[in-house]
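Have a look at the structure below before the remarks.
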Amino acid sequence: MLTSILLLVFSAAAQDFTIKLEKVRSGYDGETCWVHARAGIVPAKGGPSVVLTMQKLLLTGSDVFYALSEMRTDDFGRTWSGPVEHTETLGRRNEPNGVIVAASDFWPTWHAASRKLLGIGHTVRYLNNKVMEGAPRQTTYSVYDDKHRAWTPWATVDMPDAARFYNAGAGCAQRVDLPNGDLLIPIYHHAKGEKVARTSVMRCRFDGRRLRVAEVGGELAVNEKRGLAEPSLTKFRDRFYLTVRHDDRGYVSSSRDGLHFEPLRPWLWDDGTDLGNYNTQQHWVSHPKGLYLVYTRKGAGNDHVFRHRAPLFIAKVDPGTLRVIRSTEQVLVPQRGARLGNFGVTDISNDETWVTVTEWMQTWGPNIVMKPGNPYGADNTLWIARILWNQ
């Protein structure tokens, strides 16, 4: 599959990069759509291969996911193969009493110490193709076999306290791999019967086959509505930074060790006003030139987009104040009526970072399914926004 020609180029005149937006694929039948597009690299002498995973969503349901599929490029995105569905290893599984469990919210990232591409996500359980309320949830993982272009059957992480972590997962989580090979993986979790989720960071060890928890750091909590969800972690210079979703607003914190964090602060602009992100994940772009946040927000002529989840923005963060510098905001991916809030960030090289996202073809109710040929133009396109770092 040949990637379409460059569509848009944004100049970051006062910043450190240029953005090039590319369309990898498109096509939409009005029944399912591709979601959760995230990429990982497999290093090689001539440059890395990029393995991008995504999965189909049933549009008439809520978070009803199917098997993970893979697209791959060995020439920096000029051509792509796939999507190839990995039903046997990354597909749904049957459990007793008609329950079906799927692996979802997957994020593949290269683990340098083991030289393996390791993908991490979490489980979701269905009954009659509806998400089961109160069901257990686990962090899932799978390892890529580059030679055979195959994934190991997804497995789950054993937690140190089954009661405390009855519902615990690393869905859509951006992780940090330490120089000694340990992984810092943020999760959100609650005990059985609880309704409010908290966030912690796990320090894990991976031997190339199995992922184990070594310790779990302190808890962060906002005891309102559903609590916290979909945390993402990065390291910039000598500190770790955590961003986390909440129904009403996004939150941020920092830490010296990546396990124990300062009290959460709401995401604000540098003038002290609210950023406008809510009920949607955010992720980091961390580079020697600066610390950046990728996010969605209100107030961008986007009231017609579900939870204002498009366009996709990037802006520089002040590491000292933990505020977003408004003058640096750029559009990474423009809105065409569909959501862009579930996305991934991949460091391709020191010179290039990718943000990958698909147009999620659901909107405000009562009829949540966006029609093919809608007036906004969305057609489940898979986008890559290349951040090209200036020398």
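Select the strands (runs of 3 or more DSSP E) contained entirely in region 185-287, then report the ones holding at least 3 residues which are farther than 29 Å from PRO311 by Cα, in contact with a Cys (Cβ under 8 Å, 6 or more places away or on another chain) and hydrophobic (A, V, I, L, M, F, W, C).
Numbers: elements: 198-206, 211-216, 228-236, 239-246, 251-255, 283-287.
In region 185-287, 211-216 are the strands (runs of 3 or more DSSP E) which contain 3 or more residues that are farther than 29 Å from PRO311 by Cα, in contact with a Cys (Cβ under 8 Å, 6 or more places away or on another chain) and hydrophobic (A, V, I, L, M, F, W, C).
Could you check how many residues of region 152-182 are part of a strand (DSSP E or B) and surrounded by fewer than 23 Cβ atoms within 10 Å (Cβ to Cβ)?
Of all residues in region 152-182, those part of a strand (DSSP E or B) come to 155-156, 167-169, 176-177.
Filter once more, keeping what is surrounded by fewer than 23 Cβ atoms within 10 Å (Cβ to Cβ): 155-156, 167, 176-177.
Qualifying residue count for the region: 5.
Does ASN380 satisfy the condition of being in a loop (DSSP other than H, G, I, E, B) and under 21 Å from THR53 (Cβ atoms)? The answer is yes for ASN380.
Table: residues versus (1) over 16 Å from TRP110 (Cα atoms); (2) β-branched (Val, Ile, Thr); (3) touching a Ser or Thr at 6+ places or on another chain (Cβ under 8 Å).
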residue: CYS33; (1), (2), (3): yes, no, yes
residue: GLY40; (1), (2), (3): no, no, yes
residue: ALA44; (1), (2), (3): no, no, no
residue: VAL50; (1), (2), (3): no, yes, yes
residue: GLN55; (1), (2), (3): yes, no, yes
residue: PHE65; (1), (2), (3): yes, no, yes
residue: SER69; (1), (2), (3): yes, no, yes
residue: ARG72; (1), (2), (3): no, no, yes
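Taking GLU262 as meeting all but one of (1) closer than 17 Å to LEU228 by Cα; (2) in contact (Cβ under 8 Å) with a residue 12 or more places away in the chain, write down the number of the exception. Looking at each condition in turn, GLU262 falls short on (2). Within region 311-362, the only residue that satisfies the criterion of being at positive phi and among the hydrophobic types (A, V, I, L, M, F, W, C) is LEU322.
Can you tell me which condition THR234 does not meet? The list is (1) β-branched (Val, Ile, Thr); (2) touching a residue at least 60 places away in the same chain (Cβ under 8 Å); (3) more than 21 Å from TRP267 (Cβ to Cβ), and all the others hold. For THR234, the exception is condition (3). The residues on offer are THR353, THR358, and the sole one that is among the hydroxyl-bearing types (Ser, Thr, Tyr), in contact (Cβ under 8 Å) with a residue 12 or more places away in the chain and farther than 16 Å from LYS23 by Cβ is THR353.
Out of the residues in region 120-140 meeting the condition of being of a type in the set (Gly, Ala, Ser) and farther than 26 Å from GLY40 by Cβ, tell me which one is modelled with the highest pLDDT.
ALA135
For every residue, the table says whether it meets (1) surrounded by fewer than 22 Cβ atoms within 10 Å (Cβ to Cβ); (2) within 17 Å of ASP318 (Cα to Cα); (3) under 19 Å from the mean Cα position of the chain (by Cα); (4) of a type in the set (Gly, Ala, Ser).
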residue	(1), (2), (3), (4)
VAL216	yes, no, no, no
ALA221	yes, no, no, yes
GLU230	no, no, yes, no
PHE236	yes, yes, yes, no
THR243	no, yes, yes, no
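In this structure, LEU117 qualifies as in contact with a Pro (Cβ under 6 Å, 6 or more places away or on another chain), of a type outside the set (Gly, Ala, Ser) and part of a strand (DSSP E or B). If you scan region 109-141, which residues turn out to be loosely packed, with under 14 Cβ neighbours inside 10 Å, among the polar types (S, T, N, Q) and free of Cβ contacts under 8 Å to residues at least 40 places away in the same chain? Passing the criteria: only ASN128.
The values are calculated or read from the model by the stated rules, or taken from the named source; none is laboratory data. Here the structure is a predicted model, which means the values were calculated and not measured. Because the Cβ atoms are built from the backbone with ideal geometry, glycine has one as well, and the counts that use them run over all protein chains shown.
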